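Structure first, then comments.
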Amino acid sequence: MTDLTKLSLADARKGLEAKSFTATELTGAYLSAIEKANPSLNAYVAVTPEQALDMAKASDEKLAKGQGGPLEGIPLGIKDLFGTKGVHTQAASHILDGFKPEYESTVTSNLWRDGAVMLGKLNMDEFAMGSSNETSYYGPVVNPFRAEGSNANLVPGGSSGGSAAAVSAWLCAGATATDTGGSIRQPAAFTGTVGIKPTYGRCSRWGVVAFASSLDQAGPIARTVEDAALMMTSMSGYDVKDSTSVDLAVPDFAAAVERGVKGLTIGVPREYRMDGMPAEIEKLWSQGLEWLKAEGATVKDISLPHTKYALPAYYIVAPAEASSNLARYDGVKYGLRVSGKDITDMYELTRAAGFGREVKRRIMIGTYVLSAGYFDAYYVKAQKVRTLIKKDFEDAFHGGVDAVLTPATPSAAFGVGDEALAADPVAMYLNDIFTVTVNMAGLPGIAVPAGKDGKGLPLGLQLIGKPFDEETLFAAARVIEKSADMDFSPKQWW
Amino acid sequence: MSVDAATVKRIARLARIRIEESEVASYQGELNAILGFVEQLTEVDVEGVEPMTSVTPMALRRRDDAITDGGYADKIVSNAPLSEDNFFMVPKVVE
């Protein structure tokens with residue numbers, strides 16, 4: 001029998017429907033793969049084998065009766081940011097020690113409703129703050145990819161590094177992830193996987209640990225464009241429990257995948273051509289445009305003049321919202337508590353011990369920019385800049401552009417423990433330079449693997465779409481996937 | 001704008017995060033690096049620009065003022081480090 005874990009999600013679905021194998025066998029294959037790989041990759045922070053096998057058994061019963069849902073029997077990994085009832089939910093932070101929610105997030109509920117099976121919870125940067133998955137309380141995740149001729153460990157990107165690594169290393173058929181500034185798309189690009197951040201409001205934020213509420217969106221990471229589309233259809237949908245959830249019908253995203261790009265206009269923003277951009281990224285970008293043109297798209301140069309201000313504005317807005325959201329971790333309601341001489345002492349000691357350095361740094365920046373006398377100069381200013389960033393995109397779309405093509409990241413995956421990056425917080429932040437604009441404008445963005453660098457490491461392209469037009473992104477990403485026609489699976493060393 | 005050591009301590013106090021004297025200088029350096037980075041926003045002309053309040057053009061929904069949830073205090077406190085009779089327990093706050 002072929003290795004069941006190597007099947008795409010779409011093929012696993014077909015195999016289950018055709019009764020070529022059972023959901024229990026498929027789940028068992030993934031659980032074995034996790035057991036073998038996790039000591040090396042550290043992608044999972046909690047594995048739930050009993051629950052997984054129970055869910056798989058229930059799926060087999062449904063499949064036997066021909067009553068399977070759209071994801072019936074498909075084993076998924078869940079980012080530790082999603083509330084899962086009775087199961088480890090700690091945002092990979094020490095401060096949520098032992099937290100097991102009494103509720104289930106809407107997105108995961110939607111996946112279980114459609115028949116999916118939960119394998120466990122995936123590692124991530126603490127509270128989704130990071131671009132390398134090195135800020136996790138549970139230690140860094142290791143990228144399944146290594147540079148040719150090297151045994152050095154590389155980062156999988158962040159913050160959804162566990163999700164990306166697990167999908168790439170065949171430790172789940174697909175994974176949930178979240179994206180506040182690039183946390184789905186950057187790790188997808190670093191691991192040769194497909195990741196989409198939907199339009200803000202498409203997926204419910206209810207039951208997902210909050211980082212920056214006006215930017216956070218859930219989305220899938222998967223091994224193919226079609227797999228990502230299948231997961232997205234299940235994850236999306238209106239939810240009365242999230243006041244920013246949008247009441248729109250959810251299309252069958254998978255039906256859009258083979259639609260092609262004939263007649264579409266693809267925008268190429270000149271501001272994304274950064275000084276010192278590596279030649280291989282530049283080449284990848286041109287190649288992507290050629291592929292889209294060959295399939296009937298028109299390419300148009302556009303200008304998004306406020307691009308360079310997106311990242312600095314983000315580093316005001318996101319920490320401000322984080323400082324407010326993370327005020328709830330006080331040692332009273334859940335998680336870690338460090339006793340002190342009085343209540344304030346308890347708060348301060350608990351938060352000092354429970355939060356990691358990156359999280360504390362961002363809470364402090366957020367506290368500062370929201371403090372009396374600085375609010376207008378920082379926060380209001382940043383929100384005005386955000387209006388201008390959004391307007392840049394609106395102008396491009398009004399000018400006839402259907403989607404925008406950019407590189408996903410400024411480089412391929414870098415090493416675990418990179419000293420230059422550790423010494424300079426801003427250098428690490430630059431990883432999100434191409435992705436963060438999309439969150440600031442609330443738009444959908446997809447990262448799709450498109451090539452490899454000189455050392456055989458995957459590189460991704462990003463497509464940015466109009467609000468709620470994820471279908472065009474799936475169609476265009478599929479053209480890139482098909483045209484690249486490359487094997488983006490890692491060479492198994494673990 | 002940059003922050004001095006006293007401001008770093010004040011921010012930490014406002015954020016209810018204990019930082020030790022030995023940590024102040026490194027936090028100061030990191031916060032100033034970030035503040036230096038965001039400083040470039042001063043170049044942007046925002047005259048007459050509305051600050052963004054919602055990325056999607058929508059008004060926040062309202063719902064009927066009715067009780068739709070609740071009645072499970074035991075579940076609410078089930079993750080608390082310290083609770084008694086379905087109350088969260090904290091150090092004494094009033095003398």
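Quick note: the coordinates plus some simple rules give every number you see, no bench work behind them. Predicted model, so just to flag it, every value in this text is computed and none were measured. Cβ placement follows ideal geometry from the backbone for every residue including glycine, while neighbour counts extend to all protein chains displayed.
Can you sort A:Ser243, B:Ser2 so the residue with the fewest Cβ neighbours within 10 Å comes first? Write out the running numbers ahead of the final one.
On the way: A:Ser243 14, B:Ser2 11.
With the fewest neighbours first, A:Ser243, B:Ser2 line up as B:Ser2, A:Ser243.
Hey, which of these cross-link pairs are over 31 Å Cα-Cα: A:Lys308/A:Lys360; A:Lys333/A:Lys381; A:Lys262/A:Lys452; A:Lys197/A:Lys283; A:Lys79/A:Lys360? All intermediate terms of the calculation are to be shown ahead of the outcome.
Details: A:Lys308/A:Lys360 26 Å; A:Lys333/A:Lys381 35 Å; A:Lys262/A:Lys452 26 Å; A:Lys197/A:Lys283 25 Å; A:Lys79/A:Lys360 22 Å.
Among A:Lys308/A:Lys360; A:Lys333/A:Lys381; A:Lys262/A:Lys452; A:Lys197/A:Lys283; A:Lys79/A:Lys360, the Cα-Cα distance tops 31 Å for A:Lys333/A:Lys381.
Counting Lys and Arg as +1 and Asp and Glu as -1, each charge on the Cβ, what is the dipole of chain A about the Cα centre in debye, to the nearest 20?
On the way: 48 positive and 57 negative charges, 58 e Å.
Magnitude of the dipole: close to 280 debye.
Relative to the Cα centre, what is the charge dipole magnitude of segment A:343-485, using +1 at the beta carbon of each Lys and Arg, -1 at the beta carbon of each Asp and Glu, and rounding to the nearest 20 debye?
On the way: 15 positive and 18 negative charges, 50 e Å.
Dipole of segment A:343-485, to the nearest 20 debye: 240 debye.
Between beta-carbons, use under 9 Å as the cut-off and find the net charge around A:Thr135, counting Lys and Arg +1, Asp and Glu -1. Please list the in-between numbers first.
Numbers: positive: A:Arg357; negative: A:Asp125, A:Glu126, A:Glu134, A:Glu358.
Result for the neighbourhood of A:Thr135: -3.
Could you quote the convex hull projected area for the protein assembly as shown, Cα atoms only and averaged over all directions, in nm²?
The orientation-averaged projected area of the Cα hull of the protein assembly as shown comes to 27.6 nm².
For the residues B:Phe87, A:Phe434, A:Phe393, what sequence is obtained by ranking on other C-beta atoms within 10 Å, fewest first? Each step should come with its number before you reach the end.
Numbers: B:Phe87 11, A:Phe434 30, A:Phe393 26.
Placing the least packed residue first, the sequence is B:Phe87, A:Phe393, A:Phe434.
Dipole of the protein assembly as shown (Lys/Arg Cβ +1, Asp/Glu Cβ -1, origin at the Cα centre): which of A:Leu388, A:Phe355, A:Val141 lies farthest to the positive side?
Checked the options; the winner is A:Val141.
Taking the convex hull of the Cα atoms, report for segment A:401-452 its projected area averaged over all directions, in nm². Please list the in-between numbers first.
Values: hull surface 18.9 nm².
One quarter of the hull surface, i.e. the mean projection, equals 4.7 nm².
Counting other C-beta atoms within 10 Å, and keeping those with at most 13, which DSSP coil trypsin sites (Lys or Arg not before Pro) do you find in segment B:19-95? Write down the numbers at each step before the final one.
Numbers: sites: B:Arg61, B:Arg62, B:Arg63, B:Lys75, B:Lys92; in loops: B:Arg61, B:Arg62, B:Arg63, B:Lys92.
Passing both the DSSP loop test and the Cβ count: B:Arg61, B:Arg62, B:Arg63, B:Lys92.
For chain A, what relative contact order do you get, as a whole percent, if you take Cα pairs closer than 8 Å and at least 6 residues apart? Spell out each step's value before the answer.
Values: 1209 pairs, mean separation 87.5, N = 494.
Over chain A, the number comes to 18 percent.
Counting other beta carbons within 10 Å of each Cβ, put A:Ile266, A:Ile78 in order, fewest first. It would help to have the intermediate numbers written out before the result.
Working: A:Ile266 22, A:Ile78 30.
Ordered by Cβ neighbours within 10 Å, fewest first: A:Ile266, A:Ile78.
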